[in-house]
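Quick notes on the structure that follows.
The values are calculated or read from the model by the stated rules, or taken from the named source; none is laboratory data. This is a predicted model, so every value here is computed, not measured. Using ideal geometry, Cβ is built from the backbone for each residue, glycine included, and neighbour counts are taken over all protein chains shown. Remember, those area values only see protein heavy atoms, side chains included, never the ligands or the DNA or RNA. Shrake-Rupley method; radii C 1.70, N 1.55, O 1.52, S 1.80 Å.
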Amino acid sequence: LVSLLVSGAIEYAELSGPGEAIEFALTLALCAGLIQLLMGTIGLGFVVDFLSHPVISGFTSAVALLIGLSQLPQLLGIDVARGGGVVSRIAAIVAQSGEIHWLTAIVGSCGVATLLVCRRWVPKVPGALLVVVGATALTSMAGLAEHGLAVVGQVPAGLPTLTLPTSTYLVACLPTAAVIAIISFAESISVAKALARRHRYRVAPNRELLALGAANLAASLTGGYPVTGGLSRTAVNDRAGAASQMAGFITAVTVASVALVFTPALQALPTAVLSAVILTAVVSLFDGKEALRLWRVDRPDFMIWCVTFGVCLFVGVEQGLAAGVGSAILWFAYAASQPHIAVLGRLPRTTVWRNIERNDDAIERADLLAIRIDAPLYFGNVRSVRAALNRLVDARPALRYVVLDCSPITRLDSTAAEALMTSIDELDARGVVTHLATVRGPVRDRLRLFGVLDAYPGLRLFERVHEAAEVLEMSPQAAPVSEAVIFGPPALPA
């Protein structure tokens, strides 16, 4: 994904030659690293909280398919132009199916089969290493490259030299570097959270940002372009049984040793085998079972998964991630605007009041409506709460009292306070008096701050719904809360 972003940025910049392209890529890595270090330092890792599980699952599943699809041409030995959407890629592969290089396809298929057998029957055997070494030895001894089998070829030896990006493209790189910094973090953290969920450990987003920033700075100083925690490499690492950061250290030492000494041994490595390793690794990250589970248990989350997966697959991974996060936020906003409201009744031979829809034996009173609003009251949900309250009141012609059980209400904003006073006035005009029960201390403070308690001196704050029901049952008539009329035991102090 990062490679695609870097490639697109270089093409858009219309650079004159390879030297300028390399300098541009180095500067991209430098800027992306600085942005990620800044984000990690000031604690912007919280942006990962907007990546819900359906978004992560849909994103990783789509990217896994895209990466797997990109490996098919090398696995089959056909030449297909890179880029384009998933439909155009599949169409191009199908169009070139008559030109499959069968030796390459056989080697690649044998690699896939061997990896699957190792995974299924001997999981402790490093299948990827076994396939790479075995295929390289076979290709070298049998001279398969002479029969058209594509191999890695000559790999330059030695470690990279230190480089220092100039300021030539610094300003031009910043917008693209910001996108790369965020998208690469999203890709890395998506894979990290997916594996954290599988292996039951925690991910620290800000530390991930600092690590990615440091890695990008190191890349820019050693001749590299932006890097991130990639899906395919992470899948290979996880499949090999890596369980700590030591795996990265061992990998770095191994790569350095190979670069210094063993690059001639890589010349005969078939590219089809590399594609087989990547293909079998990323297939395990396609989370189709999760999509089916979400369909059964949570349809909105299933739709978010489908939006993320579909847009990533058919439009673009950046757009898909944005669409997934956007749809998740929109659904959260909608769900928060429609809080659950329960009508309460007293359980027989108790002082407990519970939801009448879940308790068939709960007893209601014709003159009293007790309701519980299971959410904080704020500007986004007061309209639906008032509409539901009006419907409930309209259905009870003998109603005299409304008691709001405020135990789940943890916050009240100014809009909700105004709506509460409006509802009290409207109910008073209909001869229905409103009282409150189980009001939390912070909410009581907000009622006083917004002037609700001063505007309605007769408004009672009861300890429990049952106490309100007992007191109001003894009242000879419904007294307006705009008057300071006290009956029965004293209410809680305001």
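I'd like to know if segment 191-205 contains one or more residues that are buried (at least 22 other Cβ atoms within 10 Å of the Cβ) and modelled with pLDDT under 85. Within segment 191-205, one or more residues are buried (at least 22 other Cβ atoms within 10 Å of the Cβ) and modelled with pLDDT under 85. List the pairs whose first member sits in segment 164-183 and is within 9 Å of Thr27 (Cα to Cα), whose second member is among the charged types (D, E, K, R), and whose Cβ atoms are under 7 Å apart, counting only residues at least 6 apart or on separate chains? These pairs meet every condition: Pro165/Glu23; Thr166/Glu23; Thr168/Glu23; Tyr169/Glu23.
Taking the conditions (1) open to solvent by 70 Å² or more (accessible area, probe 1.4 Å); (2) assigned to a helix (DSSP H, G or I); (3) in contact (Cβ under 8 Å) with a residue 24 or more places away in the chain; (4) over 30 Å from Lys124 (Cβ atoms) in turn, Tyr225 satisfies each one other than (2).
Limited to segment 362-388, what total is found for residues that are open to solvent by less than 50 Å² (accessible area, probe 1.4 Å) and among the acidic types (Asp, Glu)? The qualifying residues number 1. Taking the listed residues Ala135, Ala186, Ala145, the one that is within 28 Å of Phe286 (Cβ to Cβ), touching a strand residue (DSSP E or B) at 6+ places or on another chain (Cβ under 8 Å) and in contact (Cβ under 8 Å) with a residue 60 or more places away in the chain is Ala135, with no other qualifying. Looking only at residues in segment 443-494 that are open to solvent by 20 Å² or more (accessible area, probe 1.4 Å) and of a type in the set (Phe, Trp, Tyr), the one that is modelled with the lowest pLDDT is Phe487.
Which one is surrounded by the fewest Cβ atoms within 10 Å (Cβ to Cβ) among residues in segment 53-69 that are modelled with pLDDT of 85 or more and hydroxyl-bearing (Ser, Thr, Tyr)? The qualifying residue surrounded by the fewest Cβ atoms within 10 Å (Cβ to Cβ) is Ser61. Only helices (runs of 4 or more DSSP H) whose full extent lies in segment 258-333 are considered here, and the ones with at least 2 residues that are in contact with a helix residue (DSSP H, G or I) (Cβ under 7 Å, 6 or more places away or on another chain) and either of a type in the set (Lys, Arg) or farther than 24 Å from Gly229 by Cβ (or both) are 288-297, 299-314.
Quick one: would you say Leu266 is open to solvent by less than 40 Å² (accessible area, probe 1.4 Å) and closer than 30 Å to Asp79 by Cα? The answer is no for Leu266. Whether any residue in segment 3-13 is part of a helix (DSSP H, G or I), closer than 18 Å to Ile189 by Cα and in contact with a Ser or Thr (Cβ under 8 Å, 6 or more places away or on another chain) is what I want to check. Checked against the condition, which is being part of a helix (DSSP H, G or I), closer than 18 Å to Ile189 by Cα and in contact with a Ser or Thr (Cβ under 8 Å, 6 or more places away or on another chain), segment 3-13 yields at least one hit.
When Val385, Val433 are checked against the criterion of being within 22 Å of Gly451 (Cβ to Cβ), among the aliphatic types (A, V, I, L, M) and in contact with a Phe, Trp or Tyr (Cβ under 6 Å, 6 or more places away or on another chain), Val433 stands alone in meeting it. Restricting the search to helices (runs of 4 or more DSSP H) fully inside segment 75-179 and requiring at least 3 residues that are open to solvent by 40 Å² or more (accessible area, probe 1.4 Å), closer than 28 Å to Ala235 by Cα and among the basic types (Lys, Arg) gives an empty result.
When Phe286 is tested against the conditions (1) among the aromatic types (Phe, Trp, Tyr); (2) in contact with a Ser or Thr (Cβ under 9 Å, 6 or more places away or on another chain); (3) surrounded by fewer than 16 Cβ atoms within 10 Å (Cβ to Cβ), the lone failure is (3). When restricted to residues that are among the basic types (Lys, Arg) and either closer than 23 Å to Leu392 by Cα or touching a His at 6+ places or on another chain (Cβ under 7 Å) (or both), segment 404-450 contains 1.
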